[in-house]
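First the structure, in the form of structure tokens, and then the observations on it.
The values are calculated or read from the model by the stated rules, or taken from the named source; none is laboratory data. Values in this document were obtained by computation on a predicted structure and should not be read as measured data. FYI the Cβ positions are ideal-geometry reconstructions off the backbone, even for glycines, and counts take in every protein chain you see. Surface areas here come from the heavy atoms of the whole protein model, side chains and all, with no ligands, DNA or RNA. Shrake-Rupley method; radii C 1.70, N 1.55, O 1.52, S 1.80 Å.
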Amino acid sequence: MKHFVTADEIRQLAASGERELMLREHTVLTDAAVDAVRLHGIRLVEGSTYSTGEPPPQVVPAPAGAGGLPAPALAGLVRERSSTGVTPSPQVRRAEGSGTVPVTGPPDSGRLLTRLLIGGEWVEAAGGATVPTVDPATNRTIADVSAAQAEDVDKAVRAARAAFPAWRDLDPEKRARLMLRLAELIESERDYLAQVESHDVGKPIREAALVDLPACWDPWRFFAGAVRTVAGRVLALPRTSLDYVRREPTGVVGMIIPWNFPLHIACRKGSAALAAGNTVILKAPELAPLTSLELGRLALEAGIPPGVFNVVPGLGEVAGAALVEHPDVNKIAFTGSTTTGRAVMRGGAGTIKRVSLELGGKSPSVVFADADLDRAVIGSVFGIYLAQGEVCSAGSRVLVERPVHDEFVARFAERARRIRVGLPHRWETQLGALINRRQCERVYEYVDIGTSEGATVVTGGTRPDDPALAEGNFIQPTVFAGVRNDMRIAQEEIFGPVVVIIPFDGEEEAIRLANDVRYGLAAGIWTADGARAHRVAHALDAGSIWVNHYGVYPSEAPFGGYKESGTGHDLGLESLDEYTEVKNVHVNIGTETFDWYA
Ligand code: NAD
């Protein structure tokens with residue numbers, strides 16, 4: 001006799017606070033129940049089960065080590081799905097032997113959103129302007145996406161301004177609930193969103209699903225909690241005064257983001273901005289705008305009022321510049337290159353904009369001779385090759401203490417050679433395609449520059465042989481040794497899967513070399529000496545320091561740069577400061593009148 005579990009039963013289970021469902025023999029989940037399981041984050045506990053649809057729900061182990069990514073880095077980098085009983089969507093096929101939750105294939109192109117989201121309406125750009133978004137693996141157009149013009153940006157600003165008072169004044173508990181609901185929706189659509197992100201950005205789908213997506217829903221949960229912690233303080237002035245400091249939302253926030261982690265960056269900025277009571281216009285990156293639009297859809301579905309979260313894809317020089325210069329935008333939260341960051345700072349000067357800038361990097365990973373070399377190699381490989389090296393905080397400069405330098409280079413290169421370069425939508429792929437032809441050519445140019453500067457290519461620097469990759473923007477993971485810190489390949493952000501390895505002698509030289517660069521975003525330290533780890537961490541000019549791992553971005557931790565890597569923070573409670581104004585209120589509660597002219 002089969003026992004059918006319905007969606008209603010799952011909802012009741014969730015409402016009762018239960019997080020697990022024990023599956024017995026002959027338990028059958030209806031398709032709606034399977035969806036409800038995912039939505040409410042219910043864990044399916046081992047037992048024999050099958051659903052009415054194909055394929056059956058899998059009981060998947062928690063992704064410890066997530067199929068080959070280094071566990072220490074991943075553990076801090078991502079949050080586990082709240083449900084481990086995940087059933088793939090119909091588009092998702094199971095990859096043999098992966099042992100995790102596989103998602104493969106491109107997204108359903110008929111579902112893609114391509115218009116602007118302004119005031120809750122999906123609209124064409126003025127004059128019907130569009131910009132194609134292109135698949136980095138084939139250089140073929142995925143879709144023509146509306147490209148916002150200055151007048152569209154102006155409409156979006158007016159919609160955000162109109163929505164601001166009600167959102168600002170909404171009971172924080174209600175605001176938090178809407179944000180939690182959005183987190184649930186992002187999580188429940190993880191597979192589809194990973195497909196879209198992977199297709200549009202060229203990153204391996206396995207990364208999109210296991211690294212990017214958890215880092216998309218988690219900030220909404222973190223900042224939903226933080227909504228109710230936004231507070232001021234009362235000052236210790238004479239007792240005839242009541243003086244208090246309020247934190248108030250800044251108003252209308254323009255968010256301008258890059259193409260490398262578009263959904264994650266939109267989520268980490270958007271969640272903090274909305275938590276603080278602001279309304280938002282998100283300028284999606286022209287090279288990968290699709291998931292920004294999906295986020296706009298999900299925000300509406302979550303019940304976030306129209307106009308609170310608007311999305312305008314378009315060219316930086318047009319839509320981005322219009323947002324930066326708009327007199328009714330109070331704040332620009334920008335992530336992108338240092339060059340564009342300068343233009344944004346200048347553009348905002350006319351209206352004295354609050355501007356926060358998350359910019360580029362050339363981050364060192366410093367390996368001391370006493371380090372666990374295996375861990376240091378594994379972590380440093382992850383630090384550079386994640387997302388094809390198109391990561392602002394990539395550990396692109398590895399400094400290695402001389403006694404272990406040669407062995408480190410050999411082991412690092414060996415691992416780099418084993419990385420599977422392939423089509424992004426295949427689950428087994430570990431390194432995908434660079435965003436476009438121009439970026440790919442730029443990376444190859446740096447390979448030439450490094451060679452002409454006298455550095456040695458230990459491995460990579462060439463196209464993969466696989467004919468299936470012939471049309472796309474691919475390059476083998478590349479390792480340079482024999483590098484000096486003053487070479488261009490050691491000083492300039494390459495933004496591709498290219499690492500430079502530089503020897504050093506002793507702690508003092510390590511610190512000097514690590515800091516001898518115009519950037520200061522992040523740094524890794526590999527050592528068994530605890531005191532040294534802290535000493536060096538204090539001496540490095542960088543906003544994020546990772547000791548004995550690399551590339552960890554918990555929502556709780558502020559992320560921002562020193563020097564030319566920017567100003568301000570994403571994530572962490574610190575980022576709420578970026579989205580609030582400080583107001584001081586002084587009240588005379590004494591009985592006497594202060595009359596200076598008496
Ligand atoms: P980019 O600077 O070319 O573009 C970033 C965004 O700015 C895009 O949306 C673009 O349309 C817009 N833009 C371009 N010109 C503009 C202008 N004049 N006015 C307003 N907006 C404009 O950067 P990218 O190529 O998209 O991304 C790669 C860069 O981003 C790298 O340098 C990388 O290090 C950096 N990045 C930094 C972080 C961080 O948190 N520090 C994170 C990811 C990427």
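What separates the Cα centres of the range 321-383 and the range 387-423 is a distance of 22 Å.
How long are the three semi-axes of the equivalent ellipsoid for the chain, computed from the Cα gyration tensor as the root of 5 times each eigenvalue, in whole Å, largest first? Could the numbers behind the result be given before it?
On the way: eigenvalues 271, 227, 131 Å².
Listed largest to smallest, the semi-axes of the chain are 37, 34, 26 Å.
Across the range 585-596, coupling constants 3J(HN,Hα) worked out from phi with the 6.51/-1.76/1.60 Karplus curve, θ = phi - 60°, read 10, 10, 10, 7, 10, x, 9, 9, 9, 8, 10, 4 Hz, and Gly and Pro carry x. Each Lys and Arg contributes +1 and each Asp and Glu -1, all at the Cβ; summed about the Cα centre of the range 147-194, the dipole is approximately 220 debye. Measuring only protein heavy atoms, the 1.4 Å probe finds Thr591 accessible over about 140 Å². Legend: residues Leu29, Leu315, sorted from most to least accessible area (1.4 Å probe; ligands, DNA and RNA excluded), read Leu315, Leu29. The charge dipole of the chain, taken about its Cα centre with unit charges on the Cβ atoms of Lys, Arg (+1), Asp and Glu (-1) only, comes to about 580 debye. Note on the chain: dipole from Cβ charges, positive end direction compared against Asn588, Val324, Val499; the farthest Cα belongs to Asn588. Think of the range 201-336 as having a plus end and a minus end, set by charges on the Cβ of Lys, Arg, Asp and Glu; of Ala275, Ala215, Val230, Val230 sits farthest toward the positive end of this dipole.
Summarise the accessible area of the range 189-330 (1.4 Å probe, protein heavy atoms) by the percent that is carbon and sulfur. All intermediate terms of the calculation are to be shown ahead of the outcome.
Values: 1970 of 3600 Å².
Whole-percent figure for carbon plus sulfur exposure: 55.
Taking amide H positions as modeled 1.01 Å from N, with prolines and chain starts lacking one, the residues under 5 Å from Val458 and 5 or more places away or on another chain are Val479, Phe480, Ala481. Within the full protein context, the accessible area of Glu20 is estimated at about 80 Å² for a probe radius of 1.4 Å.
3J(HN,Hα) along the range 543-552: x, 10, 10, 10, 9, 6, 6, 8, x, 10 Hz, from the Karplus curve 6.51 cos²θ - 1.76 cosθ + 1.60 with θ = phi - 60°, whole Hz, x for Gly and Pro.
Over the range 495-596, with every protein chain in place, what whole percent of the accessible area is carbon and sulfur at 1.4 Å, could you tell me? Display every interim value, and only then the final one.
Details: 2440 of 4670 Å².
Result for the range 495-596: 52 percent of the exposed heavy-atom area is carbon or sulfur.
Quantify how much of the Cα-Cα distance distribution of the range 459-598 extends past 28 Å, in percent. Present the calculation step by step, with values, prior to reporting the outcome.
On the way: 4266 of 9730 pairs.
Everything past 28 Å amounts to 44 percent.
Using a 1.4 Å probe, what is the accessible area per residue for the range 225-333, in Å²?
Working: 3260 Å² over 109 residues.
Per residue, the range 225-333 has an accessible area of 30 Å².
Candidates Phe559, Ala542, Asn515 compared by Cα position along the dipole of the range 458-576: farthest toward the positive end lies Asn515, with charges placed on Cβ.
Considering only Cα-Cα distances, which of the following residue pairs are longer than 21 Å: Lys563/Lys583; Lys331/Lys583; Lys283/Lys331; Lys155/Lys353; Lys269/Lys353? Each step should come with its number before you reach the end.
Working: Lys563/Lys583 29 Å; Lys331/Lys583 17 Å; Lys283/Lys331 13 Å; Lys155/Lys353 19 Å; Lys269/Lys353 17 Å.
Too far apart for the 21 Å limit: Lys563/Lys583.
The Cys residues in the chain with no partner Cys Cβ within less than 4.7 Å of their Cβ are Cys392, Cys440.
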